[in-house]
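Shown next, in structure tokens, is the structure this report addresses.
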Amino acid sequence: MAALIRWNPIRELAAMERMMDAMAHRTLRPTDTATGALALDVSEADNVYTVTTALPGVKADDIQIHLKDGVLTISAEIPQRVNERKDGERV
């Protein structure tokens, strides 16, 4: 016998919020858009620090790394995609 479940709009909104959060985490994972901070893996061994991060679409030669007054700065310019439209084609 099938059970009837009463429709609850709050439950539907909560499910949509979870899906939106999951989508945001998948698409915005490398950086925090509010602060521009990268997700980093940092390890230490014998006074040597190793910092690892993901910068998809960026060439190693285009990454600038600076350490000044104990602050590590990693910066890069992310190239924008240019969509060219041909006659009668959708982009």
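For this structure, a couple of remarks:
- Estimated FRET transfer efficiency (Leu67, Asp21; beta-carbon r; R0 25 Å; 0.05): 0.15
- Ranking by accessible area, most exposed first, for Arg18, Arg11 with a 1.4 Å probe: Arg18, Arg11
- Peptide packing for 52-58, 20-26 was compared via the average number of neighbouring C-beta atoms within 10 Å per residue; ordered from the highest value, the list is 52-58, 20-26.
- Each label point was placed 7 Å from the Cα along the Cα-to-Cβ direction; for Ala54 and Glu77 their separation is 2.5 nm.
- Neighbours of Leu72, meaning other residues whose beta-carbon lies under 14 angstrom from its beta-carbon, give a summed charge of -2 when Lys and Arg score +1 and Asp and Glu score -1.
- Distance between the modelled labels on Asn8 and Val42, one decimal in nanometres: 4.2 nm (7 Å Cα→Cβ projection).
The values are calculated or read from the model by the stated rules, or taken from the named source; none is laboratory data. If you're wondering where the values come from, they're calculated on a predicted model, not measured in any experiment. As a convention, Cβ positions derive from the backbone with ideal geometry for all residues, glycine included, and neighbour counts pool all protein chains shown. Ligands, DNA and RNA are stripped out before the accessible areas are found, and what is left, the full protein with its side chains, is counted by its heavy atoms. Shrake-Rupley method; radii C 1.70, N 1.55, O 1.52, S 1.80 Å.
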